[in-house]
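Engineer: Sharing a structure below in structure tokens format, with a few things to ask.
The values are calculated or read from the model by the stated rules, or taken from the named source; none is laboratory data. Since this is a predicted model, take the numbers as computed values, not measurements. Heads up, the Cβs are rebuilt from the backbone with ideal geometry, glycines too, and the neighbour counts pull from every protein chain shown.
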Amino acid sequence: MNLDPLAILTAFGLIFLAELPDKTMFASLAMGTRMRPLYVWFGTSSAFIVHVAIAVGAGGLIGLLPDWVVKVVSAALFAFGAFMLLRSGGGDDDEDEEIRTVTGFWPVYSTAFMAVFISEWGDLTQITTANLAASNGTWSTAVGAAIALMSVSALALLAGRFIAKRVPLKTVQRIGGLCMLGLAVWSVVEIFTG
């Protein structure tokens, strides 16, 4: 295994910038306001590592799945997330009622893992990773891409925790729910425009 520092930095830079405005970052931010951020990060990071392995190991595998199926499942997951966040965001009359957050490592981990695992199929960063692996080396690309994706997730979770400390949780949940609903609509629009 020969690691090329320039290839690692190239993969990191390209993937970090491509993932920064991506829907997965916003989903991580929303999950981080309702679930334990470290558990969410483990789940998203695991999913990213699996995707990087698939991208560098068999870039052509992405083409086997129909794009519209991936987008439909992604839209359904985001819609479910929006429903859960908006439902728990309730009315202002129950402001004193304690809001339940999803706890426990495995429920949070599996939710975060599945949200990222399904929505990242055929994503720009996965395709870019596959292309970089072909030209810059498998291991260097894998290391750079994985660190970039995990860094974006951590950044989103830190931002989510920062926001949650300064804005009432119900407001954050409503905004997060609306963002998730927007991502569900975005995924459906991508079916017809992509």
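Residue-by-condition table, conditions (1) modelled with pLDDT of 85 or more; (2) surrounded by fewer than 20 Cβ atoms within 10 Å (Cβ to Cβ):
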{"position": "Leu38", "(1), (2)": "yes, yes"}
{"position": "Trp41", "(1), (2)": "yes, no"}
{"position": "Val50", "(1), (2)": "yes, yes"}
{"position": "Ile62", "(1), (2)": "no, yes"}
{"position": "Ala79", "(1), (2)": "no, yes"}
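Engineer: Hey, any hits in the range 155-170 for a residue that's under 17 Å from Ile49 (Cβ atoms), β-branched (Val, Ile, Thr) and either over 13 Å from the mean Cα position of the chain (by Cα) or part of a helix (DSSP H, G or I) (or both)?
Structural biologist: No, because not a single residue in the range 155-170 is under 17 Å from Ile49 (Cβ atoms), β-branched (Val, Ile, Thr) and either over 13 Å from the mean Cα position of the chain (by Cα) or part of a helix (DSSP H, G or I) (or both).
For (1) touching a Ser or Thr at 6+ places or on another chain (Cβ under 9 Å); (2) at pLDDT below 80; (3) surrounded by 15 or more Cβ atoms within 10 Å (Cβ to Cβ); (4) within 22 Å of Trp41 (Cα to Cα), each residue gets a yes or a no:
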site	(1), (2), (3), (4)
Arg87	no, yes, no, no
Thr111	no, no, yes, yes
Val116	yes, no, yes, yes
Ser140	yes, no, yes, no
Ala145	yes, no, yes, yes
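Engineer: Test each condition in (1) out of contact with any Phe, Trp or Tyr (no Cβ under 7 Å at 6 or more places or on another chain); (2) assigned to a helix (DSSP H, G or I) for Val152 and report the one that comes out false.
Structural biologist: Answer for Val152: the failing condition is (1).
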